[in-house]
Ligand code: AMP
C-alpha cells in the first residue's frame, strides 16, 4: 500500500488535516524556541556562578534536563540555578512527554490513519480495473456472489454507503468502494461504463428500484440483475430498468418442493440444459434396491446415465460398484425420452396421502405449500403466529419445537418435513429435534447463510438450500461465461466453453475426475448435445462441456484448466 502519497493527498485535500499538521509544526517550533531561551538563561546563570559554557554545552544541558536524563556532568551550585533547573525539568515533562506526543497522535497520526483507511475503502475504483461486477448491497446474496466471482477470477466492487461499514469489510479483504447508492456520481466513480454487470440485491424492493433507475440514467446498456421479494416488485424493478429479475422466494420454494419425492413421476427433473435433463429418482419400492449401479443396466435399458447417488444429504459420484439402498436417490442425466423410458420402467407408486409437513408459514413456507399443491401433494403448515393468513385445512397453529404441535400436524406418519423459517438457529434446532424423534424422515431445510450448511447437514437434514447461494448463482449465470444450475446446496451443474488446455484431448487421457473431482455429463458442439460422450473422442475446441461438481471441485477445475477469455 502506498500510504505516503495518500497521506499527502489527504493533507492537501482536507482543511481539517491541514490545520492539524500546522498545529503540530507550531508546537515543534515552540519547543525549539523554549530550548533556545532556556539555553540563553542557563548561559547567564552559569556565568553568575563563575562558569563559562559554550552555546553547544548550554543546549546539551537544557536537553538532558528537559528529557530527565540528567547525567550530572554540569550542575548548578546556587539556589537560583537549581530553581531554574527544576523549571526546565517540569517544562520538559510537560512539553516532551505530554503536549508533543498527544498533539502528534491527535493531528499527524490521526490524519495518517484516515489516509490509510481511505486507501482501503476508497471513494473511487482503483485504476486498471475493467469488466468488473458492481455489487450494490451488503447482504448474504452479495457475499455468496463474491465467493463465486473470486473462484472464477472476476473482478468486482462492493458499494457501501457508509465509511464505517466499509472499513471492516475492507479489513476482511473485500474490494469495497464508498458511495451513496442513489447518486449517479457513485457509479461514475465505480467506472460503470467499463463494468460488465450490476447486481442489485438489497432485501428492500424500493431501494433496488431507486438504484436501478439511478444506474439506467447513466448506463442504458449495462445488464442490471436484481432480486425481487414479490411478483409485483419484479414488474416494478423491470420498469425501473433491471434487465433480469429473480423472484427468490418463488425459486427457493420451488426448489424445496421439488425435493419432495411424492410426485406423479419417479424421476423429478431438477435442472435442464437445452436437450439435457438432470433428474432425481428414489430407489425405494423398486427392484433396484440392493443392486450395484452397474447391475441396474439403466444406461442400456433406459438410456439414462447415473451421475451419482444421494444418501442422507451426501452425494457420491456414480461408480459401477456403488450399491443402492432403499434410501438412495439416483441423480440421472438423459434426454426427455430417456427419462420417460425410466419412468415407464419404474413407475411411481400412488401418492401415500400422508401430508408433507412444512414448518414456518412465512412467504417461503406458503409458496412451498402452493408448489406442492401444484404437484398434487397434500401438506400442512405449522405456524406459531395465530394471525398469519394461511389456508384452512392446511394450517396448524403452534410452536414446532413442541411435540404436541408436531403430532397435530401429522409428524408421526409423515414422510417428509420442510423447515422454512428464516432463522438458521431455529432450523438447526428443529432438524436435530425431528431427526431424534423420526430417524427415517426426509428432512429438507432452508438456510439463510452458506456457513450454516454443514451444521444443518450434521443435524440430520437430507437436503439444504440457501437463499444466498441460489441468488448468487442466478446473478452469476447472467455473466454468460458459465451457466450454473444447482443440484443441491454446494453441488452445481455448470456449463463452460471447452478450456484451451482440454481442446482436442481425449477424456480417457485427461483423468478429469481424479484430477479435479468433476464429473463430465455432456459435451455440446455444432452437432448438438452428446449426453454420453465417448471417452476416446477428442473434445471439440469450440464446443461446451457440462460438468457436475462441488464448489471446491469447480474451483480446482478452473485452476487446472483456465478459461480462454474473461468477460468484456
Ligand atoms: P419468514 O420470515 O418469511 O422466513 O417466515 C418464517 C415464519 O416461520 C414466520 O412466520 C415465523 O412465525 C415462523 N416460525 C418461526 N419459528 C417457528 C416455530 N418454532 N414454529 C412455528 N413457526 C415458526
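The values are calculated or read from the model by the stated rules, or taken from the named source; none is laboratory data. Remember, predicted model here, so these are calculated numbers, not experimental data. Neighbour counts run over all protein chains shown; Cβ positions are idealised from the backbone, glycine included.
Please work out if residue 476 is assigned to a strand (DSSP E or B) and buried (at least 16 other Cβ atoms within 10 Å of the Cβ).
Against the criterion (assigned to a strand (DSSP E or B) and buried (at least 16 other Cβ atoms within 10 Å of the Cβ)), residue 476 does not qualify.
If I ask for residues that are over 22 Å from residue 183 (Cβ atoms) and either in contact with a helix residue (DSSP H, G or I) (Cβ under 8 Å, 6 or more places away or on another chain) or surrounded by fewer than 18 Cβ atoms within 10 Å (Cβ to Cβ) (or both), which ones from region 219-243 would you list?
Passing the criteria: 228, 229, 230, 231, 232, 233, 235, 238.
Looking at the structure I just gave you, is residue 195 touching a helix residue (DSSP H, G or I) at 6+ places or on another chain (Cβ under 6 Å) and farther than 10 Å from residue 136 by Cβ?
no
Restricting to region 425-455, what's the tally of residues that are buried (at least 19 other Cβ atoms within 10 Å of the Cβ), more than 15 Å from the ligand (Cβ to nearest atom) and assigned to a helix (DSSP H, G or I)?
Here the count works out to 2.
Tally time: how many residues in region 183-214 are touching a strand residue (DSSP E or B) at 6+ places or on another chain (Cβ under 9 Å) and in a loop (DSSP other than H, G, I, E, B)?
7
Answer with yes or no whether residue 345 is buried (at least 17 other Cβ atoms within 10 Å of the Cβ), away from the ligand (no atom under 14 Å from the Cβ) and closer than 30 Å to residue 302 by Cα.
Against the criterion (buried (at least 17 other Cβ atoms within 10 Å of the Cβ), away from the ligand (no atom under 14 Å from the Cβ) and closer than 30 Å to residue 302 by Cα), residue 345 does not qualify.
Can you find a residue in region 103-122 that is part of a loop (DSSP other than H, G, I, E, B), surrounded by 13 or more Cβ atoms within 10 Å (Cβ to Cβ) and in contact (Cβ under 8 Å) with a residue 12 or more places away in the chain?
Looking through region 103-122, at least one residue is part of a loop (DSSP other than H, G, I, E, B), surrounded by 13 or more Cβ atoms within 10 Å (Cβ to Cβ) and in contact (Cβ under 8 Å) with a residue 12 or more places away in the chain.
Please find, among 256, 298, the residue that is modelled with pLDDT of 80 or more, crowded, with 17+ Cβ neighbours inside 10 Å and over 38 Å from the mean Cα position of the chain (by Cα).
When all the criteria are applied, what remains is 298.
Anything in region 397-410 that is within 15 Å of residue 355 (Cα to Cα) and within 35 Å of the chain's Cα centre (by Cα)? List them, or say none.
Of everything in region 397-410, just one residue is within 15 Å of residue 355 (Cα to Cα) and within 35 Å of the chain's Cα centre (by Cα), namely 406.
Please go through region 400-421 and give me each residue that is closer than 28 Å to residue 140 by Cα and surrounded by 15 or more Cβ atoms within 10 Å (Cβ to Cβ), ordered by number.
Within region 400-421, 400, 416, 417, 418, 419, 420, 421 qualify.
Across region 17-60, what is the total count of residues that are assigned to a helix (DSSP H, G or I) and over 55 Å from the mean Cα position of the chain (by Cα)?
Going through region 17-60 one residue at a time, the tally reaches 23.
If the Cβ limit is 9 Å and pairs must be 6+ apart or interchain, which residue in region 373-402 that is closer than 26 Å to residue 264 by Cβ pairs with which residue that is modelled with pLDDT under 85 and near the ligand (Cβ under 9 Å from one of its atoms)?
381/388; 395/388
Are any residues in region 526-546 under 16 Å from residue 304 (Cα atoms) and within 33 Å of the chain's Cα centre (by Cα), and if so, which ones?
Of everything in region 526-546, those that are under 16 Å from residue 304 (Cα atoms) and within 33 Å of the chain's Cα centre (by Cα) turn out to be 529, 531, 546.
On the given criteria, is residue 357 in contact with a strand residue (DSSP E or B) (Cβ under 7 Å, 6 or more places away or on another chain), within 16 Å of the ligand (Cβ to nearest atom) and not in a loop (DSSP other than H, G, I, E, B)?
Here the answer is yes, as residue 357 does meet what is asked.
If you take the residues of region 315-342 that are modelled with pLDDT under 90, out of contact with any helix residue (DSSP H, G or I) (no Cβ under 8 Å at 6 or more places or on another chain) and under 18 Å from residue 513 (Cβ atoms), which of them is surrounded by the fewest Cβ atoms within 10 Å (Cβ to Cβ)?
316
Answer yes if at least one residue in region 507-517 is in contact with a helix residue (DSSP H, G or I) (Cβ under 9 Å, 6 or more places away or on another chain), closer than 19 Å to residue 314 by Cα and at pLDDT 90 or above, and no otherwise.
Looking for residues that are in contact with a helix residue (DSSP H, G or I) (Cβ under 9 Å, 6 or more places away or on another chain), closer than 19 Å to residue 314 by Cα and at pLDDT 90 or above, one finds at least one in region 507-517, hence yes.
Looking at 458, 505, which is the one that is surrounded by fewer than 22 Cβ atoms within 10 Å (Cβ to Cβ), under 30 Å from residue 421 (Cβ atoms) and free of Cβ contacts under 8 Å to residues at least 40 places away in the same chain?
From the options 458, 505, the qualifying one is 458.
Kindly evaluate residue 180 against the criterion of being closer than 12 Å to residue 136 by Cα and in a loop (DSSP other than H, G, I, E, B).
So residue 180 fits the description; yes.
Report, by residue number, each residue of region 390-416 that is part of a strand (DSSP E or B) and either at pLDDT 95 or above or within 12 Å of the ligand (Cβ to nearest atom) (or both).
Selection gives 395, 396, 397.
All but one of (1) in contact with a helix residue (DSSP H, G or I) (Cβ under 8 Å, 6 or more places away or on another chain); (2) under 19 Å from residue 90 (Cβ atoms); (3) at pLDDT 95 or above hold for residue 46; state the number of the condition that does not hold.
Here residue 46 clears every test but (2).
Do we find a residue being modelled with pLDDT of 90 or more and more than 20 Å from residue 144 (Cβ to Cβ) anywhere in region 438-446?
Within region 438-446 (the criterion being modelled with pLDDT of 90 or more and more than 20 Å from residue 144 (Cβ to Cβ)), the answer is yes, since at least one residue qualifies.
Determine which single condition residue 387 fails, assuming it passes every other condition in (1) under 33 Å from the mean Cα position of the chain (by Cα); (2) within 14 Å of the ligand (Cβ to nearest atom); (3) surrounded by fewer than 18 Cβ atoms within 10 Å (Cβ to Cβ).
The single condition residue 387 does not satisfy is (1).
Consider region 367-378. How many of its residues are over 33 Å from the mean Cα position of the chain (by Cα) and either surrounded by 15 or more Cβ atoms within 10 Å (Cβ to Cβ) or near the ligand (Cβ under 9 Å from one of its atoms) (or both)?
2
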